[in-house]
Structures are given as C-alpha cells and as structure tokens.
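This report concerns only the one structure given below.
Please treat every number below as a calculation from the coordinates, not as lab data. Here the structure is a predicted model, which is why all the values come from computation and not from measurement. So basically every Cβ, Gly included, is an ideal-geometry build from the backbone, and we count neighbours across all protein chains shown.
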Amino acid sequence: MAGVESLPKEFGYVVFVLVFYCFLNLWMGFQVAKARKKYNVPYPTMYAIESENKQAKLFNCVQRGHQNSLEMMPMFFLLSVLGGIRHPLVAASLGVLFCITRYFYFKGYSTGDPSNRLSIGKYGFVAILGLMICSISCGVHMLTA
C-alpha cells in the first residue's frame, strides 16, 4: 500500500500552503473577535441586527469576510491536495495566490463596503479554477496510467 513516501517530495510545499491558510483563518477569527468588542456584538450572536446596532453592517462585513473564507476552506484544501498529488509546485503556487487574494478579500470586506472584497479578492477564483484543472489532471492520469 502506497503511503506518504509515494507522494512527490515537492508536495511538502502544498502542506505548508495549507498550514499558512490555517494561520490566515485564525488571524481573521481574531479580527472578528476584535470587531465584536469594538461594535458591541456579544457571543453567541453570529450577525448583528441593524435595528439594534447602528454599526451592525461594519461588524457583519468583518464576520462575513471570515465566514466566507471558512466556507471556501474545504474546497481549497481538497483541490490543493488532489491537484498537488500530480502537480505539487503548480498547486502550491496557486495556493499562495489564493491565500494572498483571501487576505485582500477579507480586508476589503472589512471596510464595510462589500464590493471592496473583489478588488484583488476576485482573483482567488482564478486560483480555484487552476486547482480544479490540476485535480482533473490528477484524476485523468490515475485512470489512464
């Protein structure tokens, strides 16, 4: 049975990128915690209600930026691992691009104007598309080898 040693040596870069994304998400979580204090949104409230809090939109944008990054995490991780089996350097590079765009997505969203999330953040979808192509290539190679 094949194990980790059968993966290409360069797959280690994919691992590091995934760990980096975990740190990025932790940082986003800390930003949400700071926003809870700043905008007076106590736990376990997920989103502030505008009729109860004048700064609800500002908090909700910070919360939503993090939440969306959590929602994207399973797809990003799965595509990175699968694509990285066959194309580790490409998958790791696309992963770095995704992490960078996620940072700008979050920072843009956190301004309180949701459209700001897409200035640089929209390029994260290019990274996801590239990872999909790498994963498809991996699957095709496995079926035809």
Per the rule of 0.36 nm per residue minus the C-alpha distance, extending THR111 to VAL15 adds in nm 31.4 nm
Candidates for Kirkwood radius over Cα pairs in Å are (i) 16.4; (ii) 18.4; (iii) 15.3, and the calculated one carries label (i)
For LYS38, counting only lysines whose alpha-carbon sits under 29 Å away and dropping same-chain residues fewer than eight positions off, the answer is LYS54, LYS57, LYS107, LYS122
For the chain, longest principal axis from Cα atoms; helix 88-109 axis from its Cα atoms; angle between them, nearest 10 degrees, is 10
Placing each pseudo-label 7 Å from Cα in the direction of the beta carbon, VAL96 and ILE49 end up separated by a distance in nanometres of 4.7
Full extension between ILE133 and SER119 adds, at 0.36 nm per residue less the Cα distance, a length in nm of 2.6 nm
So the angle from the long Cα axis of helix 56-86 to the longest Cα principal axis of the chain, reported in degrees to the nearest 10, equals 0
The answer for the longest stretch of the chain without any exposed trypsin sites (Lys or Arg not before Pro) (DSSP loop, at most 16 further Cβ atoms within 10 Å) is 55-145
